[in-house]
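To start, the structure itself, in structure tokens.
The values are calculated or read from the model by the stated rules, or taken from the named source; none is laboratory data. The structure presented is a predicted model; accordingly, all values stated were derived computationally and were not measured. Here the Cβ is made from the backbone with ideal geometry for all residues, glycine too, and neighbour counts use every protein chain on show.
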Amino acid sequence: MLRKVLAPSVFCRVLVLSGVLALLLVSAPAEAKEGADPITVTAKLVEIPAKFPPDDLYDYAFVMRYQVTDGALAGKSILVAHYKPRQPRSRIKGPMKEHVGGKLRNFTEGATHKLKLSPDLKAIWKGALIDEFAATDRKSVRYWALEADKA
């Protein structure tokens, strides 16, 4: 008799816990998909950690630090990967043209840029990534610069 009484109770608990778990699993991907949408910010370029390598050696993306002054990430320090930063954004050709845009001609510390960013760098760029910040900061998101313009 006790077994019949406990079985529905245990079943209800399992059912409730399964429902909660299902809600968590369903809501997590939705948040990830929202985060994958491009983000537009205005930010000051505060650190170029090293000299850019020559473009003729290989394809690469270079990570720089920005301080966001306006937009969804206002007040935050972010790390942004730019494809071949020696080249003006409008002169990028080949397969990367669809992932790199804007009118910015060069990168200098202290300049303010309007950036369109993707938080999904790994989906866009699978090549060499020069990231001097990796030694001290492995947890921060590396954004991909889809577009870069003067602010």
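The condition of being β-branched (V, I, T), closer than 17 Å to V141 by Cα and either part of a loop (DSSP other than H, G, I, E, B) or touching a Ser or Thr at 6+ places or on another chain (Cβ under 8 Å) (or both) does not hold for V80.
For R91, the requirement of being over 14 Å from K44 (Cβ atoms), surrounded by fewer than 17 Cβ atoms within 10 Å (Cβ to Cβ) and assigned by TED's automatic domain parsing to the domain that holds L45 is met. Do the conditions hold for E109, that is, is it among the acidic types (D, E) and part of a loop (DSSP other than H, G, I, E, B)? Taking the combined requirement at face value, the residue satisfies it.
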